[in-house]
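*Asks:* Take this structure first; my questions come after.
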Amino acid sequence: MKRFALPATAAATAALLLTGCTGGADGSSGSAAPSARTYGCLTADQAAKGAFGLEAGTAAGGTLDAYYRDSDAGGAEVGIVLSHQLGGSLCDWTPYLAAFTAAGYAVLPFGSEGDVTDGIRAAAGYLKGKGVTKLALIGASKGGTASLVAARLASPLPIAAVVTLSAPETNGQFNGALAVRNSTVPTLFTAEEGDSPFNAAARTLYDESVSPHKELKLYPGSSHGAPLLTEGAMPDVQAFLAAYAPPTG
């Protein structure tokens, strides 16, 4: 039988098609990795190493923007899940991530306009797959209220501490006031004194909390949410996490 050679370009195309069908040597599907996502705030290198789509339930919005970074030393035992405020994104947290990873934590901020508790649960599952054994939750405004609620729900990993930044008592489906009356998870409530009504909400949530390990911190100013970490809250947050969710687990 007479054999015909494929042209070089056709042969290359055929090889690529076969590679995509048969998978890689490690048993993976062989599909090309999606382009790195910077979300408008990550460097290309950060995006390539840690940006991914977090698979959450439909109530949370399906596949969520997310970013994972291990501690600077690697092999973090404790992870921090960060939930943004209404209208925000995971980019709200990027100025502060290095401080947490330097302290020994893995970090996972994610974006969600749906059920934030479902996103937190998905983030916990992802971190468990990375070897993390327990969590701390940090949430800004509605993300803080949702974090209080998530601390009472079933989770793939135990939740060792919660930090709220300007959290309202309730936000939509999330009832933080009810959650703190039924949760003993150590919780730090923070707000700025000029940020009404969230300053009063922080006091109320603190007063209603039945946790034996709770703290209230009010700072000068009128900023809201994640910027509190720049304006005085970061040392208190780090000290609280070190006490109740130390990075060594």
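*Asks:* Filtering the range 60-112 down to residues that are among the acidic types (Asp, Glu) and under 20 Å from residue 159 (Cα atoms), which residue is least open to solvent (accessible area, probe 1.4 Å)?
*Replies:* Residue satisfying both the conditions and the ranking: 70.
*Asks:* If I ask for residues that are closer than 17 Å to residue 57 by Cβ and touching a residue at least 60 places away in the same chain (Cβ under 8 Å), which ones from the range 120-140 would you list?
*Replies:* Within the range 120-140, 121, 122, 123, 126 qualify.
*Asks:* Looking only at the range 198-227, count how many residues are closer than 23 Å to residue 93 by Cα and not in a strand (DSSP E or B).
*Replies:* 12
*Asks:* Return the residues of the range 175-204 that are farther than 20 Å from residue 239 by Cα and either of a type in the set (Gly, Ala, Ser) or open to solvent by less than 10 Å² (accessible area, probe 1.4 Å) (or both); say none if nothing qualifies.
*Replies:* Those that are farther than 20 Å from residue 239 by Cα and either of a type in the set (Gly, Ala, Ser) or open to solvent by less than 10 Å² (accessible area, probe 1.4 Å) (or both): 176, 177, 179, 180, 183, 194, 196, 200, 201.
*Asks:* For residue 167, indicate whether it is surrounded by 24 or more Cβ atoms within 10 Å (Cβ to Cβ) and among the hydrophobic types (A, V, I, L, M, F, W, C).
*Replies:* yes
*Asks:* Something else about it: For the range 106-138, give me each residue that is more than 11 Å from the chain's Cα centre (by Cα) and either assigned to a loop (DSSP other than H, G, I, E, B) or among the aliphatic types (A, V, I, L, M) (or both).
*Replies:* 113, 114, 115, 130, 131, 132, 133
*Asks:* Checking residue 37 against (1) open to solvent by less than 10 Å² (accessible area, probe 1.4 Å); (2) part of a loop (DSSP other than H, G, I, E, B), only one condition comes out false. Which one?
*Replies:* Condition (1) is where residue 37 drops out.
The values are calculated or read from the model by the stated rules, or taken from the named source; none is laboratory data. Because the structure is a prediction, the values reported are computed rather than measured. A quick note on method: Cβ atoms are made from the backbone with ideal geometry, for glycine too, and the neighbour counts reach across all protein chains shown. Surface areas here come from the heavy atoms of the whole protein model, side chains and all, with no ligands, DNA or RNA. Shrake-Rupley method; radii C 1.70, N 1.55, O 1.52, S 1.80 Å.
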